[in-house]
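Please read the structure below before turning to the comments.
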Amino acid sequence: MLIIGLTGNIGCGKSSLSKILEENSLDIIDADLISREIMNNNKLLKKVFDIFGDNIKRNDGTLDRKKLGELVFNDDRKLIKLNSLTHPVIKEEIVKKINDIKLQNKDIAIVDAALLIEGNFLDLVDKLIVITCDENIQIDRIINRDNITKEEALSRIKSQMSQSEKIKFGDYIIDNSGDIAGLIYKASKLITHIKENWCE
């Protein structure tokens with residue numbers, strides 16, 4: 001089975017591309033969804049609270065993801081600490097999901113992960129798609145989507161590996177500086193490329 005990684009920085013349209021690929025009957029493993037689900041793991045949650053404090057805890061004892069995000073996006077050391085806790089667990093879950101898809105005799109699985117490179121998940125994939133876009137468009141998209149200031153948007157962008165650095169790892173690059181119609185067209189070209197060049 002061919003395992004394809006899909007990555008891209010915040011605001012570049014990775015989730016939109018992932019959705020289009022899923023609509024074209026490709027199996028998607030969503031690392032962001034997994035990272036939310038693992039926070040229901042009490043053992044892991046306890047470690048997170050022990051390190052980052054109870055102020056990121058909601059009244060019902062669950063994690064306030066927004067508060068945790070504000071904490072780590074503005075402090076590289078805290079982000080590294082959080083990732084060292086969560087990434088091994090996320091990787092374990094991705095491997096389980098890859099094996100589940102293999103058991104269904106599928107030809108392709110796509111691992112959709114923003115931190116695919118930074119999280120050391122590259123060894124899980126055979127090929128890597130990197131989605132990029134113009135930085136001004138990226139900033140506008142983040143501001144509009146998350147209802148935050150330009151400074152906050154820039155802080156989130158800076159917390160990730162630069163787009164130019166990510167491109168170096170890519171087997172296929174998609175520039176998503178245009179509209180959704182343009183992305184749909186580029187996704188269909190990508191699917192053709194996968195079937196003609198990457199599948200045995």
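The values are calculated or read from the model by the stated rules, or taken from the named source; none is laboratory data. For clarity, every value in this text was computed on a predicted model and none was experimentally measured. Neighbour counts are summed over all protein chains in view; Cβ atoms, including those assigned to glycine, are modelled from backbone coordinates with ideal geometry. What goes into the accessible areas is simple: the full protein's heavy atoms, side chains included, and nothing from ligands, DNA or RNA. Shrake-Rupley method; radii C 1.70, N 1.55, O 1.52, S 1.80 Å.
Looking at Asn9, Asn59, Asn41, which is the one that is open to solvent by 20 Å² or more (accessible area, probe 1.4 Å) and in contact with a helix residue (DSSP H, G or I) (Cβ under 9 Å, 6 or more places away or on another chain)?
On the way: Asn9 fails: open to solvent by 20 Å² or more (accessible area, probe 1.4 Å); Asn59 fails: in contact with a helix residue (DSSP H, G or I) (Cβ under 9 Å, 6 or more places away or on another chain).
Only one candidate qualifies: Asn41.
Which one is most open to solvent (accessible area, probe 1.4 Å), of the residues in the range 120-135 that are out of contact with any Phe, Trp or Tyr (no Cβ under 8 Å at 6 or more places or on another chain) and in contact (Cβ under 8 Å) with a residue 40 or more places away in the chain? Walk me through how you get there before you give the answer.
Kept after step one, since they are out of contact with any Phe, Trp or Tyr (no Cβ under 8 Å at 6 or more places or on another chain), are these residues of the range 120-135: 120-121, 123-125, 131-135.
Those left that are additionally in contact (Cβ under 8 Å) with a residue 40 or more places away in the chain: 121, 124-125, 131-134.
Working: Phe121: 7, Leu124: 33, Val125: 22, Ile131: 2, Thr132: 15, Cys133: 12, Asp134: 70 Å².
My answer is Asp134.
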| note | Conditions (1) at pLDDT 90 or above; (2) open to solvent by less than 40 Å² (accessible area, probe 1.4 Å) -> Pro88 fails only (2)
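Does Lys19 count as over 26 Å from Ile167 (Cα atoms) and part of a helix (DSSP H, G or I)?
On the way: over 26 Å from Ile167 (Cα atoms): no; part of a helix (DSSP H, G or I): yes.
Here the answer is no, as Lys19 does not meet what is asked.
Do you know which of the residues in the range 15-33 that are farther than 23 Å from Asn105 by Cβ and of a type outside the set (D, E, K, R) is surrounded by the fewest Cβ atoms within 10 Å (Cβ to Cβ)? First the steps, then the outcome.
Our first condition is that a residue be farther than 23 Å from Asn105 by Cβ; within the range 15-33, this holds for 15-17, 19-20, 31-33.
Still in the list and also of a type outside the set (D, E, K, R): 15-17, 20, 31, 33.
Values: Ser15: 15, Ser16: 16, Leu17: 23, Ile20: 19, Ala31: 25, Leu33: 12.
Ranking the candidates gives Leu33 first.
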| query | How many residues are at positive phi and of a type in the set (Val, Ile, Thr) if we restrict to the range 58-90? | reply | 0
